[in-house]
Amino acid sequence: MSKKRKYIIPFVIIIILTAGYLIADSILFDGVKPKVINVNGFQAKYFAKDNLANKTAVILIGGGQWGDYWANEFANKEMVALSLPYNGIEGLPKLPEDIDLEYFENAIQWLKSKKEVSSEKIVVMGASRNAELALVIASTFTNSIKGVIAYSPSSVSWSNTVLPYNSSELKPSWKYKGIDIPYIPMEKLSGNVSGKVEMIDYWEKGLSKTDLVENASIKVENISGPILLFSGSDDRVWPSAKMADMIEKRLEENSFTYTFNNIQFENAGHLISRNPEQKTDIRTGKINLGGREFEYEFGGTDSGDYKAKKDAKMKLMEFLKAM
């Protein structure tokens, strides 16, 4: 065999394998491939089909696998989505504390400039603490955000110290133009001799600080669009159903004029925002406190969570269709 032929054969094999991979990938992949965005001071993945115009856009607060999953789902329904992380990756703050809302403002303004997006149909969506943040964003940027979807929400803003891996110095979680978003100051979660922590007791203690709750309450009445809340009645991570009721009460007291739905699922826990197509039997999580690992409960049951996820997705899509 000549040297020339010796080198050509492997090269041809590589080309064939690469072409085969690309063909298989195009056949098997049924989603919308995102564009990586790193402009205007924010990082994100942008999901949109070609040749769209004036569509509903959803910003997935927190990004990651969760944000990418939902962004792809929305894009497949002829909407636009932005999976938007804000900490924990290169180029962004290491910890979720002192997070400046101008970061999200930059992302919103960029999104409004896209021909695919209707500036009157931009929605924010988050789960757990990112639901807290989604509600804060919507109540701050009232001229831009026209709807909120919040899974396992909070009715108040919390200090940075609610997450054990944050710094020990008390700080706001969120701020805007150098001003702290009012929050409930919390001591760091601590362990015990049992090896298990009751997470919900920690948050209930915070909500018992009635003198601080009013000041830290998210001004949801300022939101310029419909609000959709999902929570599990057996959420054992934090009292999301109770806080959803607090949000509802505040909206009623302030004569909120937009559509509002406070949907609570029986036998469901904290993880109802996850992929509705996947069943799971994970009922507990692990958390490191002071160098020791502790177990905590998510709440709910396998069947309760699965039903909640399926029902919530259906209602979520109906909500967005009506935008």
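The values are calculated or read from the model by the stated rules, or taken from the named source; none is laboratory data. Keep in mind that this is a model prediction, so the values were computed, not measured. All Cβ positions, glycine included, derive from the backbone under ideal geometry; neighbour counts span all protein chains shown. All accessible areas refer to the heavy atoms of the entire protein, side chains included, with ligands and DNA or RNA removed. Shrake-Rupley method; radii C 1.70, N 1.55, O 1.52, S 1.80 Å.
So in the stretch 240-255, with the set limited to residues that are without any contact (Cβ under 8 Å) to a residue 40 or more places away in the chain and open to solvent by less than 40 Å² (accessible area, probe 1.4 Å), which one is farthest from Leu316 (Cα to Cα)? Applying the filter and picking the extreme gives Leu251.
Among the residues of the stretch 268-309, those that are in a loop (DSSP other than H, G, I, E, B), out of contact with any Leu (no Cβ under 6 Å at 6 or more places or on another chain) and buried (at least 20 other Cβ atoms within 10 Å of the Cβ) comprise Ala268, Gly269, His270, Leu271, Ile272, Ser273, Pro276, Gly299, Gly300.
With respect to the conditions (1) out of contact with any helix residue (DSSP H, G or I) (no Cβ under 9 Å at 6 or more places or on another chain); (2) surrounded by fewer than 18 Cβ atoms within 10 Å (Cβ to Cβ), Ala312 falls short on a single one, namely (2).
Would you confirm, using the coordinates I've provided, whether Thr56 is over 17 Å from the mean Cα position of the chain (by Cα) and either modelled with pLDDT of 95 or more or open to solvent by less than 50 Å² (accessible area, probe 1.4 Å) (or both)? So Thr56 fits the description; yes.
One residue stands out among those in the stretch 195-204 that are closer than 15 Å to Arg236 by Cβ and not hydrophobic (A, V, I, L, M, F, W, C): the one that is surrounded by the fewest Cβ atoms within 10 Å (Cβ to Cβ), which is Asp201. Residues that are in contact with a Phe, Trp or Tyr (Cβ under 9 Å, 6 or more places away or on another chain) and assigned to a helix (DSSP H, G or I) within the stretch 202-240 comprise Tyr202, Trp203, Glu204, Gly206, Leu212, Asn215, Ala216, Val220, Glu221, Ser240, listed in sequence order.
Of the set (1) of a type in the set (S, T, N, Q); (2) farther than 30 Å from Pro185 by Cα; (3) at pLDDT 95 or above, all apply to Gln43 but (2). Taking the criterion of being within 27 Å of Ile287 (Cβ to Cβ) and more than 20 Å from the chain's Cα centre (by Cα), the residues of the stretch 201-233 that qualify are Asp201, Tyr202, Glu204, Lys205, Gly206, Leu207, Ser208, Lys209, Leu212, Val213, Ala216.
Is it true that some residue in the stretch 72-80 is under 16 Å from Pro34 (Cα atoms), in contact (Cβ under 8 Å) with a residue 24 or more places away in the chain and basic (Lys, Arg)? Yes; the residues of the stretch 72-80 include at least one that is under 16 Å from Pro34 (Cα atoms), in contact (Cβ under 8 Å) with a residue 24 or more places away in the chain and basic (Lys, Arg).
Among the strands (runs of 3 or more DSSP E) contained in the stretch 109-186, which hold 2 or more residues that are open to solvent by 10 Å² or more (accessible area, probe 1.4 Å)? Qualifying strands (runs of 3 or more DSSP E): 117-127, 174-176.
Among the residues making up the stretch 187-200, those that are outside any loop (DSSP other than H, G, I, E, B) and under 22 Å from Ser167 (Cα atoms) are Met199, Ile200.
Just need a number here: residues in the stretch 206-239 that are closer than 25 Å to Ser139 by Cβ and open to solvent by 40 Å² or more (accessible area, probe 1.4 Å).
Total meeting the criteria: 10.
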